[in-house]
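Right, one structure below, let's go through it.
The values are calculated or read from the model by the stated rules, or taken from the named source; none is laboratory data. Everything numeric here is computed off the predicted structure, so don't read it as measured data. When we count neighbours, we look across all protein chains shown, and the Cβ atoms used for this are built from the backbone with ideal geometry, even at glycine. These accessible areas exclude ligands, DNA and RNA; they are computed on the full protein's heavy atoms, side chains included. Shrake-Rupley method; radii C 1.70, N 1.55, O 1.52, S 1.80 Å.
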Amino acid sequence: MTCPSCACDKTFPKIVVSRGNPRARLMLIGEAPGAKENDTGESFVGRSGKLLDTLLEQAGINPVEDVFFCNLVKCRPPNNRKPTMPELLLARPWLDQQIHLVDPLIMGLVGSTAVNALLGIKSSISNLRGSWQHLEGRLVMPLFHPSYLLRKPSKESGSPFSLTCDDLLSIRRKLSSFKMNNVDEIFGTNSSSFQ
Ligand code: URA
């Protein structure tokens, strides 16, 4: 049997679709499920996901109510390798469908694979983070991958860790400003804990 998500050759592929609120206004898109995600069937639940949840909470974003988490590809590539271009291309319609259905106002692209795949920009996260990008009418923020932050734990000002905290705060402020401008009423979306 061939995996319908990425055409990898697994007899019983484990498909990891998402985690969080499908009506959230923030969608975080990572690269691919890791081992823990593969075991549990939910996106971003391993060490990286736990760190991401903590940073989101610190920024005032509720990871359960305010975020929909998913990945470029829905099944774990062997040996933790990056998804190949054919896998990315095959999985893309599924991701596009998720974006269409969730209809987020903001997308956070978690790590350089997600940034390269969705924005088509081959530049480092250090160069791209901190400034809003646009994709098909949505605001997009490139973010350091939490697995990178786990490898670079310094919290000093200017460190990837502290820059990521800044970026999540920018996202939270933008979500709050949408709320104040009644975007929910205009677009008929809703469901977050923002005031
Ligand atoms: N890394 C990702 O990019 N996605 C996950 O779901 C977990 C780890």
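General remarks:
- Legend: residue pairs 36/122; 50/179; 122/174; 74/179; 14/82, Cα-Cα distance threshold 22 Å; pairs beyond threshold, 36/122; 50/179; 122/174; 74/179.
- Entry note, the chain: relative contact order of 24 percent, from Cα contacts under 8 Å with a spacing of 6+ residues.
- Charge-dipole axis of the chain as Lys and Arg at +1 and Asp and Glu at -1 on Cβ define it, positive-most pick from 26, 134, 110: 110
- Rounded percent of accessible protein surface that carbon and sulfur make up, the range 44-101, 1.4 Å probe: 59
- Residues of the chain: accessible area per residue with a 1.4 Å probe, Å²: 49
- Anisotropy class of the range 31-131 from Cα gyration tensor, a/c 1.5 cut: rounded
- Extension gain, residue 17 to residue 133, is 39.3 nm, computed as 0.36 nm per intervening residue step minus the present C-alpha separation.
- Residues whose amide H lies under 5 Å from that of residue 135, counting only those 5 or more places away or on a different chain, are 140; hydrogens are built 1.01 Å from N in the peptide plane.
- Equivalent-ellipsoid semi-axes of the chain, from the Cα gyration tensor, Å, largest first: 26, 20, 16
- ³J(HN,Hα) computed for each position of the range 24-37 - Karplus, 6.51 cos²θ - 1.76 cosθ + 1.60, integer Hz, glycine/proline x: 5, 8, 10, 10, 10, 10, x, 8, 6, x, x, 4, 5, 4
- Residues in the range 13-39 reached by a label modelled at residue 176 [backbone nitrogen below 19 Å; 7 Å Cα→Cβ]: 25-27
- Loop trypsin sites (Lys or Arg not before Pro), the range 35-78, which have at most 10 other Cβ atoms in a 10 Å radius of their Cβ (DSSP): none
- Label-point separation, residue 156 to residue 101 (7 Å along Cα→Cβ), nm: 4.6
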